[in-house]
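We did not get these values from a lab; they are worked out from the coordinates using the rules stated. What you see is a predicted model; the values in this text were computed from it and never measured. Backbone-built Cβ (ideal geometry, glycine too); neighbour counts: all protein chains shown.
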Amino acid sequence: MRIVLLCGGSGKRLWPLSNEVRSKVFLRLLTSEDGVKESMIERICRQLNEVGLLQSTCIVTHHSQAEITRRYVGEDIPIISEPFKRGTFTAVALAASYLHEKLQADPNETICILPADTYVDTAFFRLLHRFPDVLGRSKADLALLGTKPMQPSDQFGYIVPVLPKADGKYAFVEQFVEKPNERTARRLMAQQAMWNCGVFAFPLRFMLTYLKDKGHPARIEEWLENYEHLPNASFDREVVENTLPVVVMEYKGYWTDLGSWMALSGHMKDRTIGSGHISDDSTNTHLINELPYPIEIIGVPGIIAAASSDGILIANKEHAHLIKERLDLAPQIPMYEEKRWGSYRILNYGKDAAGVETMIKQVRLAPGKSTSYHLHHRRQEMLTVVTGSAEILIEDRRYQLNAGDVLQIPAGVKHGIKAVTPLELVEVLLGSDLAQEDITRIAVDW
């Protein structure tokens, strides 16, 4: 069996810690059993490894998140990069084509699709091992995973099974209902409906046949060439609701997707992360502060206070999800990004009367790590080494820079930076469209 993790997101629901690049799955706010801070993606990879499935896992993510994904999962997991965000159907289709074409997966092999923000016990992942047997026994093309609802909710899809279950292990699906109102949810719960965990399993041949019958591309290059023009479609609506028969297995443990500050804060070991304090009478309040300035909370219960380079959020936990609607009206430049080599923070951004843009970044590279060997077309860079020493590759020639050294790199010049020791730079960019990606990579490693 192959596991495909769908990893990404717009980074709005847990703003300002999350943004378009550092989505919620990369926030190290959870604590492992041995007391180590970990992110959602690190937790799920650890659990997949515990049940012997990590070695057969690949990840699909948007190209802007490929480097931060690599930073968190290491070098051994294949990452499939999407050029545009086009929904779960397109992501799954690209993964199926990749497994078939690049990894030579057997068409009869079971493919299991998982969202990377699932928060469950490790027993959840042990249950995945049953999918190949359930698909074989039921003769179904598609198998799902559901769980018993904790309360009527309009935030989840519902799976209505045909009862009783076959062999006590799975049930055929009678109906899907996507995010019903509370009254309908109560009626569905009376019919033993389950919340949809967002997990799908199918033989690879099923998806390959489906794509062929619908006239979709057969090769990865064709997918990537047409990605920009593909519709934004969900796998649920495009495939699940149009497939028969479908079966569902029930997971009887704890399950949530940690999609809000309310849900996430309930699983945080520490009430305060970063500089600041919460008074004793501020019950059920959490503070996460990435800024160097302390935040003091006195006499305010039930709130989330989160601060980063992207902004500051002070909200009642029950209403914090409304930030997504506000961010939809005012898109922002991500002010903090993590890369496979380190991180950078935007200190200032502006435009002069002539339309020339200026951006100042604080850049940190871990020792031994390097940027790609690349060039920019519409910007020039001026680098100042603040601390540490660096090896610079410019137009195939190598130089050494130390603290206090300054380097100017014109547009169109090939260059790369490697940290000999822990390295901090101040980078000044001049040009146009500085908020947009402007990079041609010559080599990832050099």
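Some values worked out for this structure:
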quantity	calculated
Normalised contact order of the chain, rounded percent, pairs of Cα under 8 Å and 6 or more residues apart	14 percent
Net charge over other residues, Cβ less than 12 angstrom from the Cβ of THR110 (K, R count +1; D, E count -1)	-1
Scattering curve values for region 93-168, log₁₀ I(q)/I(0), Debye with Cα scatterers, q = 0.21 Å⁻¹	-1.25
Region 120-202: relative contact order in percent, alpha carbon pairs under 8 Å with at least 6 residues between	39 percent
The chain: proportion of alpha-carbon pairs further apart than 33 angstrom, %	43 percent
FRET E, pair GLN380, THR209, Förster distance 56 Å, beta-carbon r, rounded to 0.05	0.60
Within the chain: Cβ-based charge dipole about Cα centre, in debye rounded to nearest 20 (Lys, Arg +1; Asp, Glu -1)	660 debye
At 1.002 mPa s and 20 °C, Stokes D of region 173-241 from Kirkwood alpha-carbon radius, µm² per second	144 µm²/s
Reduced Cα scattering model of region 18-156, Debye log10 I(q)/I(0), q = 0.21 Å⁻¹	-1.58
Region 158-213-region 396-418 distance, computed between alpha-carbon centres (Å)	56 Å
Gained length - ALA354 relative to LYS148, 0.36 nm times residue gap less alpha-carbon distance	68.1 nm
Globularity ratio of region 279-363, using Cα Rg and 2.2 N^0.38 Å	1.39
Peptide ranges 227-235, 421-429 listed from the most packed, as the mean C-beta count within 10 angstrom indicates	421-429, 227-235
Folded to 0 to 90 degrees: helix 40-50 orientation relative to the chain principal axis, Cα	60 degrees
Helix-only mean residue ellipticity at 222 nm for the chain, each DSSP H run of n ≥ 4 adding -39500 (n - 2.57), per residue, nearest 500	-5500 deg cm²/dmol
Using alpha carbons only: equivalent-ellipsoid semi-axes of region 137-206, gyration tensor based, whole Å	23, 14, 9
Long-range HN-HN contacts of ASN284 with modeled amide H, under 5 Å	GLY302
Quarter of the Cα convex hull surface for region 400-446, i.e. its orientation-mean projected area (nm²)	4.3 nm²
Per-peptide average of other Cβ atoms within 10 Å, ordering 192-198, 215-221, 351-357, 129-135 highest first	192-198, 129-135, 215-221, 351-357
Largest-first ellipsoid semi-axes for region 88-127, taking √(5λ) over the Cα gyration tensor eigenvalues, angstrom	23, 14, 7
Modelled FRET efficiency - R0 25 Å, MET268 with GLU50, Cβ distances, 0.05 increments	0.70
Electrostatic dipole magnitude of region 316-446 [Cβ: Lys, Arg +1; Asp, Glu -1; Cα centre; debye, to 20]	240 debye
Principal axis box of region 334-438, alpha-carbon based, largest edge first, Å	39, 27, 25
